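Q: Let me begin by handing over the structure; questions about it come next.
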Ligand code: HEC
């Protein structure tokens, strides 16, 4: 009995210490998440020039191009990322990430994408 209580509180302690830092590092998190899941196609700086992009048709969107941002808002971007290209009449090569990424991770990526916007 005592052993299982000790074990349980140990797990709780580990879980809470694992959650703490990731919340306070939200911005860095978005960059890491983007790098892991998106940059292979969309490129590290969002230009649509990731390593896998050469083989794709249509090409991944270029987030650095001002034309890309015309008429696009957070709700639209969130929908594409969550439900995939087909949800907005685009290519299925843009997958749905809703099962992989949590809402706050997607919100972080949307914010990050805006920093790629044409300079
Ligand atoms: C396998 C390659 C691939 C990966 C990985 C990928 N995408 Fe895409 N993405 C595409 C392609 C291809 C398009 C262009 C679809 C089209 O124009 O029909 C696209 C389009 C988009 C668009 C624009 C849709 C539009 O209306 O023009 C957004 C936003 C986007 N991707 C975000 C992301 C995010 C965020 C991630 C990471 C979570 C990601 N993509 C991962 C291939 C990819």
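The values are calculated or read from the model by the stated rules, or taken from the named source; none is laboratory data. Just so we're clear, the structure is a prediction, and the values are computed from it rather than from any experiment. As a convention, Cβ positions derive from the backbone with ideal geometry for all residues, glycine included, and neighbour counts pool all protein chains shown.
Q: Mind checking which pairs have a first residue in the range 96-116 that is within 21 Å of residue 47 (Cβ to Cβ) and assigned to a loop (DSSP other than H, G, I, E, B) and a second that is modelled with pLDDT of 95 or more and within 11 Å of the ligand (Cβ to nearest atom), Cβ under 8 Å, 6 or more apart or different chains?
A: 97/37; 97/81; 97/82; 97/84; 97/106; 116/46; 116/63
Q: Something else: Does residue 45 satisfy the criteria of being part of a helix (DSSP H, G or I) and more than 7 Å from the ligand (Cβ to nearest atom)?
A: Criteria not met by residue 45.
Q: Give me a count of the residues in the range 49-74 that are in contact with a helix residue (DSSP H, G or I) (Cβ under 7 Å, 6 or more places away or on another chain), near the ligand (Cβ under 8 Å from one of its atoms) and not in a helix (DSSP H, G or I).
A: 6
Q: State the number of residues belonging to the range 75-114 that are within 11 Å of the chain's Cα centre (by Cα), surrounded by fewer than 16 Cβ atoms within 10 Å (Cβ to Cβ) and within 9 Å of the ligand (Cβ to nearest atom).
A: Going through the range 75-114 one residue at a time, the tally reaches 1.
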